[in-house]
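Notes for the one structure printed next.
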Amino acid sequence: MELDVKKKVDFATEEIADELKEIFNRMGILVINMISSPGSGKTSLLESTLSRFHEDYKIAVVEGDPATNRDARRLERLHVPVAMINTAGTGSSCHLTAAQVKDAIESLPLDDLDIVFIENVGNLVCPAAYDLGEHAKVLLFSVPEGDDKPAKYPLAFRVSDCVLVNKIDLMPYCDFSMDDFVDDAKKVNSKLEFFAFSIKTGEGLSTWFEWIEERVRQIRASK
């Protein structure tokens, strides 16, 4: 009986994710689901990205957090619509669900958007297992976390479309091999793209921006 219930829940979740995909595709909105460990720099990256594209695209954010709205407040200062999801006590505190995203986007001006970023809960395990109707799942990683994580958390790398390596300015102070990191990640997912940068210094961020622009062009061409 427990297995049957779980299958029904999983099927319902997949149905909602498919419904979200259909909505986003029909409206020509690029949706990026960002996952990472806590402290890797998701919110800081979003701040830099929103600042870079505020004149080019109309952007909104779905912000996931277990208990606070601090990250949402940071992003709202950049004058973008933010839909807040607090997950504590919902039964899915370690990740966002498609149902939560579906409810959250009702507060967003979808008719007037080009891009929606979903900032998932900081966790390398649970968020990787759930489709939120996104076009791309982006894994943000930071140098101080160590180069062994692709082997320790393979699912996060297996389901992601690209890996962003942040805090390269700390490379001289960390025991981190970019070659080993990339090799291990490609053993899990040979199609992964990699972009290395420092949000703090701005070094390398242009490659991330170019990736977003190309994705927007693809969505618009397929509409």
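The values are calculated or read from the model by the stated rules, or taken from the named source; none is laboratory data. Bear in mind that the values here come from a model prediction, so they are computed numbers and not experimental data. Neighbour counts are summed over all protein chains in view; Cβ atoms, including those assigned to glycine, are modelled from backbone coordinates with ideal geometry.
Is there a residue being more than 25 Å from Lys187 (Cβ to Cβ) and surrounded by fewer than 19 Cβ atoms within 10 Å (Cβ to Cβ) anywhere in region 112-132? Yes, region 112-132 contains a residue that is more than 25 Å from Lys187 (Cβ to Cβ) and surrounded by fewer than 19 Cβ atoms within 10 Å (Cβ to Cβ). One residue stands out among those in region 51-64 that are outside any loop (DSSP other than H, G, I, E, B) and in contact with a strand residue (DSSP E or B) (Cβ under 6 Å, 6 or more places away or on another chain): the one that is farthest from Ala104 (Cα to Cα), which is Ile59.
Kindly indicate which of Ala99, Ala88 is more than 21 Å from Leu140 (Cβ to Cβ) and in a loop (DSSP other than H, G, I, E, B). None of the other options fit; the residue is Ala88. Considering every residue within region 145-154, establish whether at least one is part of a helix (DSSP H, G or I), exposed (fewer than 15 other Cβ atoms within 10 Å of the Cβ) and within 18 Å of the chain's Cα centre (by Cα). No: zero hits. Exactly one residue among Glu14, Glu76, Glu47 is at pLDDT below 95 and charged (D, E, K, R), and that residue is Glu14. Contact map, region 24-44: residues that are in contact (Cβ under 8 Å) with a residue 40 or more places away in the chain paired with residues that are among the polar types (S, T, N, Q), Cβ distance under 7 Å, separation 6+ or inter-chain. Pairs shown: Asn33/Asn120; Met34/Asn120; Ile35/Asn120; Ser40/Ser142; Ser40/Asn166; Gly41/Ser142; Gly41/Asn166; Lys42/Ser36.
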